[in-house]
Amino acid sequence: MPATLRELRERRKSVSATMKITKAMELIAASRVMRAQARARQAVPYNEQLVRAVSDVATYSSEDHPLTMEPAESRRVAMLVVSADRGLAGAYNANVIRVAEGLLKRFDEEGKEVEVYTCGRKVRDYFTFRGRELAGSWFGFSEKPSYADARTIGKLLIDQFLEDDDKGGVDELHLVFTRFKSMVSQQVQIVRLLPLEVVEGEEELSPTEQLIPDEYHYEPKAEEVLDALLPLYIINRIHFALMESAASELAARQQAMHSATDNAKQLIDGLTRDANQARQAEITQEINEIVGGAGALAA
Amino acid sequence: MATPMQVEVVSPEGQIWEGQSVGVSVRNVEGSLGILSDHEPLLTILAPGAAEIITLDGRREVIAVSGGFMTVNENVVTILTDSAEMGHEISLEEARRELAQLEELRGEGDNDDEDEHRYNQVLSQIRAAEKYHELHG
């Protein structure tokens, strides 16, 4: 039996209420993504200067720093997965989880023990639901990560890396996050954060800026300066990854909500048409009854 | 007159201050440090404290710097720090009150990394605010 006119109208009302919500969420995500991008831009000068300083000191200091040293054999690795706190962002969280699972599988095949750290509620829930023990998790700031958040995470992970294996330390640190390429394209990436490879700076420096490093005077000694700079560098990388992920999450949410709004519009169009048809059929039937009734009386 | 220096103070939240200067004074791990034009290239770790920048027209800018480092190279001075505030934006009373609280935590030994960081930040604010009041009355 086809739906009655009343049912169709009710369904249309409910869909248009949903559409109002998705539309609002789309607009909110759109304005927040702009702000997230602006924050990422503000961090650029700091990042540039820091990379330059680190690569200067790193080339000057001949000694291997504990944070840059390749371990002879890596048995235990840490993985930090960055996802969103909330869903309704299309495939954003699913993509992060898929890549993280792939990485976990690879480590398993290589016979490495993995410690999982998570950032964001969604990925934490995913792993805890599947009974995987998490070494650490943070959440509550996925849309608007601050430098302090990155510092908390970074300090803990650096300590883990410097700790001996027997005491629960790790030999490598991998980061799974989502790079913001454009409003319509975000890509999940895996980056090995530790041991550190300082490469980015070298290309960025133009010949005039490239000082002969040992002209620098270090206070205190170069090694100690490096000791202080490298953790800052790692924290900055984590901050950067958090900000990229935040922008990606918001862009993905905007996209998802945009298509949800479009779908709702289509549904409403269809339902309106069905409702009109049902109304028309009702009228036709009524006329038929009246005409039929009149004919019967006249006969 | 000596060539002016280009000074920049940046934090992850963005650029805090930028301009030309004839002299910069900061506090590093070894004590107070003054930078004038044509200083040799230098990279130093900063201690929480006030950075004082004397601008071309003789104004003295005071900025609270919670740590980080400073590079000096060919009359370009760059101060990188986790957090920085302009001296005139700091409330000395508030900072002193917070410092007292943090010191209490510290005394009891139950302060975490975040508290320690906040301690450095507040300490730098107080030093900067005191200097600011000393200079500007």
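We did not get these values from a lab; they are worked out from the coordinates using the rules stated. Please read all numbers here as calculations on a predicted model, not as lab measurements. Heads up, the Cβs are rebuilt from the backbone with ideal geometry, glycines too, and the neighbour counts pull from every protein chain shown.
The table that follows gives values for the structure above.
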item: Tensor-based shape of segment A:1-93 (alpha-carbon gyration tensor, a/c under 1.5 rounded, otherwise prolate or oblate); result: oblate
item: FRET efficiency estimate (nearest 0.05) - Cβ-Cβ, A:Glu113 to A:Gln266, R0 35 angstrom; result: 0.10
item: Label-point separation in nm, A:Arg279 to B:Glu103, each point 7 Å along Cα→Cβ; result: 7.7 nm
item: Whole-number D in µm² s⁻¹ for chain B, Kirkwood Cα-pair radius fed into Stokes-Einstein, 4 °C, 1.567 mPa s; result: 85 µm²/s
item: Contour minus Cα-Cα distance for A:Met34 and A:Ala294 (0.36 nm per residue); result: 86.8 nm
item: Value of [θ]222 nm, deg cm²/dmol, for chain A, DSSP H segments ≥ 4, -39500 (n - 2.57) each, nearest 500; result: -21500 deg cm²/dmol
item: Approximate spin-label separation A:Thr128-A:Phe141, in nm, with each point projected 7 Å along Cα-to-Cβ; result: 1.9 nm
item: Lysine pairs in chain A with Cα atoms under 21 Å, if 8 or more residues apart or on separate chains; result: 10
item: Distance between modelled label sites at B:Val29 and A:Lys221, nm, 7 Å Cα→Cβ extension; result: 1.1 nm
item: Pair-distance profile P(r), taking every C-alpha pair of the protein assembly as shown, with 10 angstrom steps and integer %; result: 4, 17, 23, 21, 15, 7, 5, 4, 2, 2, 1, 0
item: Average beta-carbon neighbours from other chains, 10 Å sphere, peptide B:68-75; result: 4
item: Anisotropy class of segment A:61-166 from Cα gyration tensor, a/c 1.5 cut; result: oblate
item: Between segment A:229-284 and segment A:116-184, the Cα center-to-center distance that results, in Å; result: 26 Å
